[in-house]
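> Structure incoming, see below.
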Amino acid sequence: MKNNHFRTAYSLSWLIVVLAVVASLGGLFIDSLYRDSDFIKNAWFTNDWVTLVVASPALLVAMQWARRGAQRAQLIWMGLLLYMLYNYAFYLFGAAFNAFFLLYVALFTLSAYALIFGLSRLDADAIASNFSEKKTLPWIVVFLIFLAAPLLLIEGGQSIRFVFTGIVPEAPSLIFALDLSFVVPATILAAVWLWQRKAWGFVLGAMMLVKGTTYGLVLSTAALRLVLTDAPQKDEFLPFYLFVAIGSAVSLTVLLRHLNPNKR
């Protein structure tokens, strides 16, 4: 039976899937679309493939099951909306101005509002109460800390180093901005709330693990593609990306596995 509580988020998610497919296909097959360096184009190309063949189909399936009351699907749905928001923040604020600019505006904005409407209708208390096993939570908490700590230490450290030495970090400032203002605080908050067994800790924890799985896949694939194509510029953080992608997928599986199957 369909859950009409999610009607607005459901409608927005449908539109996000359609526009994400259009944006991905355009990025993959319109040669003149991206006006960035070859290294950055590699990132867009990989993002487009993962969004097209993984994130968009997964979002479509998750929101269909979520609307029927499947709690696991609801968590995955929110996590994939978070991926869309984070992903298209890079396109909107980081890509050289191109013909799809307004499309990126739409995807970023729709993802934000879909999350607002979706989370406002989510019953976090009911989800938390249906977790049958909580002994594994400390391990998931530790993993979340290990996700946030390297970003905080490396990116925060390089930012502080610039203040005293003037050495500019090699990574684009947008990466630091999104990671330090959003990813690191949200991941730490998820870890703390899970440790305290707070209802929204289960929700935010699952969302950050979905985001870690999908965007970790993006980063890992982009770094591997640089190696396979023998590109002159490599990404030295490939091991960390694989740790993020694989570790997030395993942790998410463990977390959702203990959600009462009778509640789906």
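Coordinate-derived values only; no laboratory data. Note that the structure is predicted; figures quoted are calculated from it, not measured. All Cβ positions, even for glycine, are placed from backbone atoms using ideal geometry, and neighbour counts span all protein chains on display.
> Which count do you get for residues in the range 40-65 that are of a type in the set (A, V, I, L, M, F, W, C) and over 18 Å from the mean Cα position of the chain (by Cα)? Break it down stepwise before answering.
Start the filter on the range 40-65 by keeping residues that are of a type in the set (A, V, I, L, M, F, W, C), which leaves 40, 43-45, 49-50, 52-55, 58-63, 65.
Of the ones still in play, those that are also over 18 Å from the mean Cα position of the chain (by Cα) are 40, 65.
The number of residues fulfilling the criteria is 2.
> To continue, here is another question. Please enumerate the residues belonging to the range 129-158 that are surrounded by 14 or more Cβ atoms within 10 Å (Cβ to Cβ) and more than 20 Å from L209 (Cα to Cα).
Once the filter is applied, which keeps residues that are surrounded by 14 or more Cβ atoms within 10 Å (Cβ to Cβ) and more than 20 Å from L209 (Cα to Cα), the range 129-158 yields I154, E155, G156, Q158.
> Report, by residue number, each residue of the range 198-245 that is under 20 Å from the mean Cα position of the chain (by Cα), over 17 Å from V183 (Cβ atoms) and among the polar types (S, T, N, Q).
Matches in the range 198-245: T221 only.
> Same structure, new question: Considering only the range 195-237, state which residues are under 30 Å from I40 (Cβ atoms), charged (D, E, K, R) and touching a residue at least 60 places away in the same chain (Cβ under 8 Å).
K211, R225
> Same structure again: Among A126, A112, which is surrounded by fewer than 22 Cβ atoms within 10 Å (Cβ to Cβ) and closer than 21 Å to W193 by Cα? Show your work before the answer.
Numbers: A112 fails: closer than 21 Å to W193 by Cα.
None of the other options fit; the residue is A126.
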